[in-house]
Amino acid sequence: MRNRMILLVALVAMALAGVAQQIAVVSGGTTTVHQTLKDAIEHASNGSVIYLPGGGFSIGDSVKITKRVTIVGIGHKTDSDNEDGSTIIGGNLWFNNGSSGSSIMGCYLTGNVNIGEDGVVNNVIVRLCNINSVQVKNSGITGTMLNQNYVRGGSSFEMSEVSITNNVIGNISNVGSGNIKNNVVCGGNYYNYGYGPGNPRYTLSNVNYTIISSNIFCQSVAGADCLLSGTGCQSNNNYLEAGYHGNAWGDNPIIIDKGIDEVLVNVNGWSVSPKSSFHFKDEYQQYEHQVGIYSGTGFSDGALPPVPYIVAKRIADQTDAAGRLKVQIRVNAGPTN
């Protein structure tokens, strides 16, 4: 609650300044305001929270995160009622040595989340984001968590341990151990080990010693396969798109004698996009809480992080005769989950 009040004060200060792109950094109860994401990261101390309002922010690959920080945007959906729109980061984020325990939520990222380029970086969380991919760079890393994201491309985890739950996600490769549960996996355009055309294209490639359950697997590329390569996995209760049930996907597969686009509300060509609706149609509602993103811990359609945000603001052009500036700001608290 205290941090939410600090953020609310920072949001009001940004509105009064008339610059929506100012960034608040909360460190130990003290709030500072910065003009660029680079400056915010460089001035943040270990354990800081970096709050990004709606708007566009750019970052170059020379900026490396080397401390534990939490980056919180205001959401990535264009239909949000946030006054300043969604939070968009142009570029890649690099969580390097020293940044274990960091997280990012509520942002659209044009590039990738890169973890452990120069050492072991554990327990990085990516949540409620729309990103290109996650690229783990060190096999000794543990605790990487992806939850309720749109991951547009293929992600690779360098044989590390990972938890991937309730995401709409592209191909997943090189997992050492972990959980892949309650996702919609739009795979099929990843050539296994780079051997090129003529070889199987895997939805899950080189995934090992992992629990794979309650996912929806689909074909996103014409003529692509929907296959699993790896060893030691426990696979059960997965929904397979028509034509894939001949593959060994484990126990109790859910198979309906219709194409998956006839079963879900709107798959939009199987693009990994908020424009799609991965809810089950009314006649198949009994499956909604068994497989896919709405099963397990569930999925937030609004993709809003649990922070307050400004939904309307009106600031007078000038002070009155007594030197007072009339400000009207309406704030939503955001979800608490």
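No value in this document is a laboratory result; all are computed from the given coordinates. Bear in mind that the values here come from a model prediction, so they are computed numbers and not experimental data. Cβ placement follows ideal geometry from the backbone for every residue including glycine, while neighbour counts extend to all protein chains displayed.
Tabulated data
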{"item": "Filter on Lys77/Lys181; Lys77/Lys258; Lys67/Lys275; Lys67/Lys181; Lys38/Lys77 - keep pairs with C-alpha separation over 26 Å", "result": "Lys77/Lys258; Lys67/Lys275; Lys67/Lys181"}
{"item": "For the range 252-268, Karplus couplings with θ = phi - 60° (6.51, -1.76, 1.60), whole Hz, Gly/Pro x", "result": "6, x, 9, 10, 10, 7, 8, x, 4, 5, 8, 9, 8, 5, 7, 8, 6"}
{"item": "Amide proton proximity set for Gly230, modelled H, under 5 Å, gap of 5+", "result": "Asn206, Val207"}
{"item": "Highest to lowest packing among 25-37, 112-124, 251-263, scored as the average C-beta count within 10 Å", "result": "112-124, 25-37, 251-263"}
{"item": "In sequence order, calculated HN-Hα J values of the range 22-37 (Karplus, 6.51, -1.76, 1.60; Hz; x Gly/Pro)", "result": "5, 10, 9, 10, 9, 10, x, x, 9, 10, 10, 10, 10, 8, 10, 5"}
{"item": "Added length on full extension, which subtracts the Cα-Cα distance from 0.36 nm per residue, Thr30 to Asn123", "result": "30.9 nm"}
{"item": "Amide proton proximity set for Ile216, modelled H, under 5 Å, gap of 5+", "result": "Asn183, Val184, Val185, Tyr239, Gly292"}
{"item": "Packing-based exposure ordering (other Cβ within 10 Å, fewest first) of His279, His76", "result": "His279, His76"}
